[in-house]
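Shown next, in structure tokens, is the structure this report addresses.
The values are calculated or read from the model by the stated rules, or taken from the named source; none is laboratory data. Small disclaimer: the values here were computed from a predicted structure and weren't measured. Neighbour counts are summed over all protein chains in view; Cβ atoms, including those assigned to glycine, are modelled from backbone coordinates with ideal geometry.
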Amino acid sequence: MANLHFHYGTMGCSKSAQLIINAYNQNKNGNKTEIIKPKIDNRFSANSVDSRIGISANATVLANLDNWTPAPDTRMVLIDEIQFFSPTDIDKLVHIADSRPIIIMCYGLMVDSNEKIFPASCRLIEVGAKLHRMESTCQIPGCMHLATHHLRYDANGNVVRAGEQIAVGDSNYKSVCRQHFNMLYHGVGRREQGGR
Ligand SMILES: [Zn+2]
């Protein structure tokens, strides 16, 4: 089994739920797990990973992985929102995965709302993490295409085309297919309502 994994998908594709279920199953099999999530800016971060479907698990909140080392008996590390860590943090994970009998499962986003890859996600690809795409459908009503992109909206419902790559919370985001991204972000292409 590969020892470094990247489960990626758009917002709302059940990444956190899958992380929690994976940790639960490992614990049930007697394998000790550690769950980590990023501390972002100075926002309050609860010490848990929470899924929209109502399940949660305790987590350690870290700004970076500089001073973190898994416990000696940890068999699996699960990291939520990996895109908010840095490429240096990914390199540290590589070192741990390659020097200890441990499996590291990263969960997060591939691209931001400007169709740019997150640096940590890019680094995971560069270092050969095993990639697992988690699929969900475009959130534009009537569309059944694979969601691969994010659109960010301001308070007036206008698409935001600039700004910080790191913005938290998904209330002003939609996960959309490439066609709808290009149509709504760039104004190119035409699609019939609900058509393919
Ligand atoms: Zn779509």
Kindly list the number of the only condition in (1) modelled with pLDDT of 95 or more; (2) in a strand (DSSP E or B) that fails for residue 31. (2)
May I ask you to verify whether residue 22 is farther than 21 Å from residue 121 by Cβ and outside any loop (DSSP other than H, G, I, E, B)? no
For the range 97-141, give me each residue that is among the β-branched types (Val, Ile, Thr), more than 16 Å from the ligand (Cβ to nearest atom) and closer than 21 Å to residue 173 by Cα. 117
Those residues of the range 142-158 that are away from the ligand (no atom under 14 Å from the Cβ) and either more than 25 Å from residue 120 (Cβ to Cβ) or modelled with pLDDT of 95 or more (or both) come to a total of 5
Residue 117 vs. criteria farther than 18 Å from residue 65 by Cα, under 12 Å from the mean Cα position of the chain (by Cα) and among the hydrophobic types (A, V, I, L, M, F, W, C): yes
If I filter the range 174-181 for residues that are crowded, with 16+ Cβ neighbours inside 10 Å, charged (D, E, K, R), away from the ligand (no atom under 14 Å from the Cβ) and modelled with pLDDT of 85 or more, do I get at least one hit? no
Among (1) more than 22 Å from residue 22 (Cα to Cα); (2) crowded, with 20+ Cβ neighbours inside 10 Å; (3) of a type in the set (Asp, Glu), residue 66 falls short only on (2)
Can you tell which of 136, 99 is surrounded by fewer than 16 Cβ atoms within 10 Å (Cβ to Cβ) and small (Gly, Ala, Ser)? 99
Listing of strands (runs of 3 or more DSSP E) fully contained in the range 53-164 that carry 2 or more residues being polar (S, T, N, Q): 56-58
